[in-house]
Amino acid sequence: SQRRYNTTTAPPPPHHQQPPPPHQQPRRKGAGIRSWLVVSDSGKSHVEEVGKHPIMRRTGLPARDLRILDPVLSYPSTILGREKAIVVNLEHIKAIITATEVFVLNFKDPVVSPFVHDLEQKVSGNENPNKAVTEEESPNVNEEEGLRQFRYSFRNSPAKNGDDNAAKGLVDAPKTGGPVVLPFEFKALEVCLECACKSLETETSTLEQEAYPALDELTSKISTLNLQRARHIKSRLVAVFGRVQKVRDELENLLDDDMDMVEMYLTEKLVHLGSEEAASKDDNEINNDEFESDNESDDDDESQSNKSSMLTGFKPNVEELEMLLEAYFAQIEGTLNKLSTMREYIDDTEDYINIMLDDKQNQLLQMGVLLSTANLLLNAGIVVVGVFGMNVHIDLFDPLPGEDENNASSTRFLQTTCGTLVGCLILYFISIFFGKKRGLLE
């Protein structure tokens, strides 16, 4: 049998099932596309919808470094120096710093808004003119301090156009006693560190204002409400202490490793790379004139080897970055000391409360001993009453001589009752005396 195929076209879908025109369809973001706030070195900012791979190409970062900035994942505070960028993940700040621009990821967060404002003001140079001029900002900078600083201007520098002499003069600018200007990446890094340290300092101050009065109230009155407040404060203290400790350890690791600090000199690396490329270009032109028969692939290999040799021999003076990191390391160390003092105060309060509770427990135990002794002797009196209440003839019940049998005297009843009570009290005081003598009671 021969198969038959239905060649008739299917009827068009109803009008309400037809898709809308392309210009009316909602735009969907592709996989990995996020909104980034890009702040240039001039202080201007704009929002870009950029995917993961374009960001990797623009910054030269691998995918594992971008995972650190993923808001879905929880990563501790980290500062990474790479060949073309610096990855900053400090508290609420998630940014990528290059030699000419900064990519801020969570810029829509209200907590990040002050950071973005400070970043735009700092990199553009529009700071408060009334700010007091410190000793390092004064124009009378000595030669030693001037040698530590560099004046960077990569975007408009002649080194970008391949002028070797101009690039050399730019690198040697601090020796002439010119104005001290931090490179763009250090300005951005300084704003990140300042905002992170300020945020932790503010949170620590707020915790101090709540902790000390609550702990003092707890020592004066131990109650369930005060204990709950102290537990909540201690939980917050542990969380803040861990975050501050992580930032402090990250800065300490950077200060201990000079190679990590060398990686953060992005602008100087670009200036140095521009001068080396200009020199290699001149060498290649000379080699092409002398050896016209060489293959083009050999020239490419030679240029790549020149770049690799330049990066291998690149060793800037890290004192500038070291001084910047040490300033914020001291600040975060002060915050950590405040938290350590607060934690010691909480531990002392807990020890004091435990001592008070032990004292109360000892008092309850003593009271229990006293009541148990009194109960024992009371039971002895009850035994005497039970003996006299038995339906057995006792001579004590017989009437006295000359006394009517129908009207028994109550004299013996009173004597027996008073004798029983006095005997119980005497035994009670004797037992308390022996308890104090042996140290069982106070």
query: If the chain between E333 and I394 were fully stretched, how many nm would it gain, using 0.36 nm times the residue separation less the Cα-Cα distance?
result: 13.0 nm
Calculated FRET value between S372 and E210, using beta carbons and R₀ = 41 Å, to 0.05: 0.35
- line: Karplus ³J(HN,Hα) for the stretch 51-56 (6.51 cos²θ - 1.76 cosθ + 1.60, θ = phi - 60°; Hz, whole; x = Gly/Pro) runs x, 5, 5, x, 5, 5
query: For I222 and E322 in the same chain, what is the full-extension length gain: residue separation times 0.36 nm, less their Cα-Cα distance, in nm?
result: 31.1 nm
- prompt: Which value in nm describes the separation of the simple spin-label points at V181 and D347, placed 7 Å from the Cα toward the beta carbon?
  reply: 5.1
- prompt: To the nearest 0.05, what FRET efficiency results for A239 and R64 with a Förster distance of 22 Å applied to their C-beta separation?
  reply: 0.25
- prompt: How large is ³J(HN,Hα), in whole Hz, for each residue of the stretch 209-217 in order, when computed from phi with the Karplus curve 6.51 cos²θ - 1.76 cosθ + 1.60 and θ = phi - 60°, using x for Gly and Pro?
  reply: 5, 8, 6, 4, x, 5, 5, 5, 5
- request: For an R0 of 30 angstrom, estimate the FRET efficiency from the Cβ-Cβ distance between H46 and K84 and round to the nearest 0.05.
  value: 0.90
query: Stretched out fully, how many nm does the piece from L73 to E442 gain, at 0.36 nm a residue minus the Cα gap?
result: 126.8 nm
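Among 105-111, 67-73, 83-89, how do they line up by average Cβ neighbours within 10 Å per residue, starting with the highest? Working shown, then result.
Working: 105-111: 14.9, 67-73: 13.0, 83-89: 20.4.
So the order, starting with the most tightly packed, is 83-89, 105-111, 67-73.
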field: Highest-first arrangement of 224-236, 36-48, where packing means the average Cβ count within 10 Å
entry: 36-48, 224-236
message: Please give the Cα centre distance for the stretch 62-92 versus the stretch 373-392, rounded to the nearest Å.
response: 83
- request: Only residues of the stretch 353-379 count here: report those whose backbone N is under 15 Å from the spot 7 Å along Cα→Cβ of F434, or say none.
  value: 370, 373-374, 376-377
- request: Could you run the Karplus curve 6.51 cos²θ - 1.76 cosθ + 1.60 with θ = phi - 60° over the stretch 365-379 and give me ³J(HN,Hα) per residue in whole Hz, x for Gly and Pro?
  value: 5, 5, 5, x, 5, 4, 5, 5, 5, 4, 5, 4, 5, 5, 5
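Coordinate-derived values only; no laboratory data. These numbers come from a predicted model, not from an experiment. Note that we place each Cβ from the backbone using ideal geometry, even for glycine, and neighbour counts take in every protein chain shown.
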